[in-house]
Every structure is written in structure tokens, then in C-alpha cells.
Amino acid sequence: MRALVYTGPHSLALQERPVPAPGPGEVLVRVEAVGICGSDMHAYHGHDTRRPPPLVLGHEAAGRIAGGRRDGERVTVNPLVTCGTCAACESGRSHLCKDRQILSMPPRPGAFAEFVCVPEGNLVRIPDDLPVAKAALAEPMAVSYHAVNQGARLLGRPVTGADCLIFGGGAIGLGAALVLAMQGARRLCLVEPNAARRTVIARSVPRIRCAAPEDAEMALDAVADLILDAVGSASTRKAASRLIRPGGVIVHIGLLPGMEGLDIRKITLQEVVVSGSYCYTAQEFRDVVAALASGQLGHLDWPEERDLSGAVEAFADIDANRVGAPKVILHCN
Ligand SMILES: [Zn+2]
Ligand SMILES: [Zn+2]
């Protein structure tokens, strides 16, 4: 099979590899669509010690089961593999499993390939009328959905009465905006430096207002009850600290290195809650597949679609900021 192999910093190669054989409890999935994630870019830059080369990246996959009793069934893949028996798993917070594994991190190869092996319990069936490229959005949308749920839980009330601000207009930030719009957030603003992305987002999310970072405070009247930081840089943390209301919640999703920017004194004096957010529970993943299928998350026409044969170029284009779309989806078969 063809597989895109990360061979070292800024280096990828399309290679011929044997089709993997499913282990106990696993099934073989013929990958039809797989998204390129910010975390794949992070690995590509050589910054993710959890993803050492040589490695097949990619964890946002959808396709068809190949072989066995469910042969041909259309599925999307929850790439987070958990033990099911530890305290976190038993309490319904399987994303905090002490033994969690993710497709594209050793020992599990990723899905930038024609086939990938996945535990059967990680497959979610998709309806016939949901296009496979949209089904591949389940993983990033589940990340967004969990972050919003985390924010609402910590805020102690539904987002319907909340003024919400998002940093970052990649797929996670856009997804968070779509989830907040679906849940009826009172006011919805997003800060993103790339003008092409701001245009896509303004077109895709009802009632949203977008601004460049330098204009955000003027343009958005940006004080917020809930801030989702899908960038996670020193400057976004600093802005979030400044713009959060007393008693508000900052949910930190971005995975850039560093920890500067938070105003701990304001967090203390104004009882601001700051929380990380990572992945999603298995139930949240299924909820998102249902929301994608029912159209509640919009028309989903914002990803750019390419073939696996153009993957090396796609990474280079994203790296050089030549892609306006918040997500690139690769077709593998
Ligand atoms: Zn991802
Ligand atoms: Zn566990």
C-alpha cells in the first residue's frame, strides 16, 4: 500500500509498505479520507517528542472496513485507544486514561496510508449520505465539542447566555465556533490573523464576528465570559487574560510549547478558571458524528480536498501559509 512516512524534520516520503495485519480485537480499515491536523504539522516540524520518525502520521480518518463480518461498512475512526478499565475510563473520562494511545503515535501507526488497523470499538458507523471527507471531520470537531463542554461545565451554566471568544481559526477554532453557534451562544467572536480564513469562517458560522489580532479589541468589544484558546501561544494567553470577565473561564486547547502569558494575579483576584482540554470522551465522539450527519454543524464545505499523492506538497503549502482553508483532507483510495 501507499503510505506517507514522516522521515525527519520537514521531511516526508510516499513509500510502499505492506498492508498491516489486524491484531486481536482489531479490524482493517481502508482509509478513504484523512485530515491533516495541526499536531501532524507539529510533528513535521520535529517538535513532538511523542512522534519520533520514521512514522506514519494522521489520526483523522474515515473509510470502509476491509474484510471480516463487517466488510464494506462505512465508518469514521475514533483514534484515541483507551484501556477501558482504569479509574479514568470507568468514570467516563476515557480521554484521561493512564494508558491512552493515539493512532499516529508509537506503537500505533497513523492513517496517512491506504489502510490502517483500528480496534473495532473505535469505529463509528456513518450514514450512507454523509460524504467520507465530512466524516473525517469527526475527530477535530470532537476536540472542539469537548472544549466547549468543558467550558460550559466550568462556567456552571449553558453557553446560551454567554459571550464567547475564540482564538484561532483553524479547524479546532472553527469547530468550536460551530458548536457554540449550535448551542446558541449569546455572542460569538473569533480572532484569526489569516484574512482568507476569516472570510471562510464568517461565511460558515452564523452570527459570528471575526477580527485580526491587532484589531480584536476595537472590532469585537471582546470582553468574554468564555474564551477558547485554540492557538495556545504566549500572545493569545496574554490576550485571554486581559479579555476574560471576572469569574470567567479560559479553556486552553493549543499545544504550542511554552507557558508564558497568563496573568496569574488577575486569575486569582477575579477568580478566573483556566483549564486544559484534550481530545474527547467516546460518547462525545459519537455525539459529534450524529451532529455532522444531521447538518447541525453547518454545510461543512470549508475543507480543501487533495489526493494522497499530493501530500508532501500539501504539508509544504500549509507550512508556508499558502492554504486559506482551515483544513486539508487527503483522499487515500
Ligand atoms: Zn487532530
Ligand atoms: Zn483507561
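The values are calculated or read from the model by the stated rules, or taken from the named source; none is laboratory data. If you're wondering where the values come from, they're calculated on a predicted model, not measured in any experiment. Reconstructed Cβ throughout: ideal geometry from the backbone, glycine too, with neighbour counts over all protein chains shown. These area figures cover heavy atoms from the full protein model, side chains too; ligands, DNA and RNA do not enter into them. Shrake-Rupley method; radii C 1.70, N 1.55, O 1.52, S 1.80 Å.
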- Query: Considering amide H positions built from the backbone, and no H for Pro or chain starts, which residues 5 or more places from residue 66, or on another chain, come under 5 Å of its amide H?
  - Reply: 28, 29, 30, 72
- Query: How much length, in nm to one decimal, is gained on full extension between residue 268 and residue 309, taken as 0.36 nm per residue of separation minus their Cα-Cα distance?
  - Reply: 9.6 nm
- By how many nm would the segment from residue 259 to residue 321 grow when fully extended, if each residue of separation counts as 0.36 nm and the alpha-carbon distance is taken off? 19.9 nm
- Item | Among 24, 303, 257: highest mean-square fluctuation, GNM of the chain, C-alpha pairs under 10 Å | 24
- Which angle between 0 and 90 degrees, to the nearest 10, do you get for helix 234-243 versus the longest principal axis of the chain when only C-alpha atoms count? 40
- Largest-first ranking of 97, 83 by accessible area, probe 1.4 Å, whole protein assembly kept, is 83, 97
- Item | For q = 0.09, 0.10, 0.14 Å⁻¹, Debye-computed log10 I/I(0) when each Cα of the chain counts as one equal scatterer | -0.45, -0.56, -1.11
- Item | Rounded to the nearest 10 Å², the accessible area of residue 6 at probe 1.4 Å | 0
- Interchain or long-range residues, amide H under 5 Å from residue 327's placed H: 304
- Task: With a 1.4 Å probe and all protein chains in place, put 274, 27 in order of accessible area, largest first.
- Result: 274, 27
- Query: How much of residue 7 can a 1.4 Å solvent probe reach, expressed as accessible area in Å² and rounded to 10?
  - Reply: 60
- Query: How much mean residue ellipticity at 222 nm does the chain get from its helices, if each DSSP H run of length 4 or more adds -39500 (n - 2.57) and you divide by all residues, to the nearest 500 deg cm²/dmol?
  - Reply: -8500 deg cm²/dmol
- Message: Within the stretch 1-79, what whole-number % of the accessible surface is contributed by carbon and sulfur, with the 1.4 Å probe and all protein chains included in the calculation?
- Response: 55
- Taking 0.36 nm per residue of separation and subtracting the Cα-Cα distance, what length does fully extending residue 203 through residue 41 add? 55.7 nm
- Item | Accessible area, probe 1.4 Å, largest first, for residues 244, 172 | 172, 244
- Task: Report, in degrees rounded to the nearest 10, the 0 to 90 angle that the Cα long axis of helix 195-204 makes with the longest principal axis of the chain.
- Result: 90
- For the chain, the longest principal axis of the Cα atoms and the Cα long axis of helix 171-182 enclose an angle in degrees, to the nearest 10, of 60
- Within the chain, longest stretch free of exposed GluC sites (Glu not before Pro) [DSSP loop, at most 16 other beta carbons within 10 Å]: 74-259
- Query: For the chain, modelled as a Gaussian network with Cα springs under 10 Å, which listed residue fluctuates most, 219, 33, 185?
  - Reply: 219
